[in-house]
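This report refers to the structure that appears directly beneath it.
Values in this text are rule-based calculations from the coordinates and carry no lab data. For clarity, every value in this text was computed on a predicted model and none was experimentally measured. Positions of Cβ are generated from backbone atoms using ideal geometry, with glycine treated the same way; all protein chains shown enter the neighbour counts.
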Amino acid sequence: MSLEMILGVRLFRDSVSGKTASIVPLAFPIIAGAGTMTTLISLRAEFQNINIVLAIVINVLIVYIVLRLTKRLELILGPGGIAILKKVFGIILLAIAVKLFTANVQMLFK
């Protein structure tokens, strides 16, 4: 998904087209799906519970505000701003994926 965001190519083809059709299958599992559970487990190994709970509360507030202001943000940013944000968050997503992958490979060979 990050390579699609960064490079602007389509690796996975949807049978349903449209901008709103991808909100449910992509946005909600990313917000509260298996990736969230994996992140919590990996954070649990490095941080204390109070720090994780505080980060979750702050994250929930930020996600709520962003989801409530989506239309306004779309109007303010415009197509160019949205394209830039898409690439920036694609790079962040790729960095997280590489970090998780390399950490797991290192543990595998130790």
Calc'd 3J(HN,Hα), segment 82-99, phi into Karplus 6.51 cos²θ - 1.76 cosθ + 1.60 (θ = phi - 60°), Hz, glycine/Pro = x, comes to 5, 5, 5, 4, 4, 5, 4, 5, x, 5, 4, 4, 5, 5, 5, 5, 5, 4
Sequence order, segment 45-52: Karplus ³J(HN,Hα) from phi using 6.51 cos²θ - 1.76 cosθ + 1.60, θ = phi - 60°, Hz rounded, Gly and Pro as x, gives 6, 10, 10, 7, 4, 5, 5, 5
Rounded to one decimal in nm, the spacing of the 7 Å Cα→Cβ label points at residue 36 and residue 108 is 2.8
Under 15 Å by backbone N from the virtual spin label 7 Å along Cα-to-Cβ at residue 52, the residues of segment 78-100 are none
Expressed in nanometres to one decimal, the distance between label points 7 Å along Cα→Cβ at residue 76 and residue 97 is 2.9
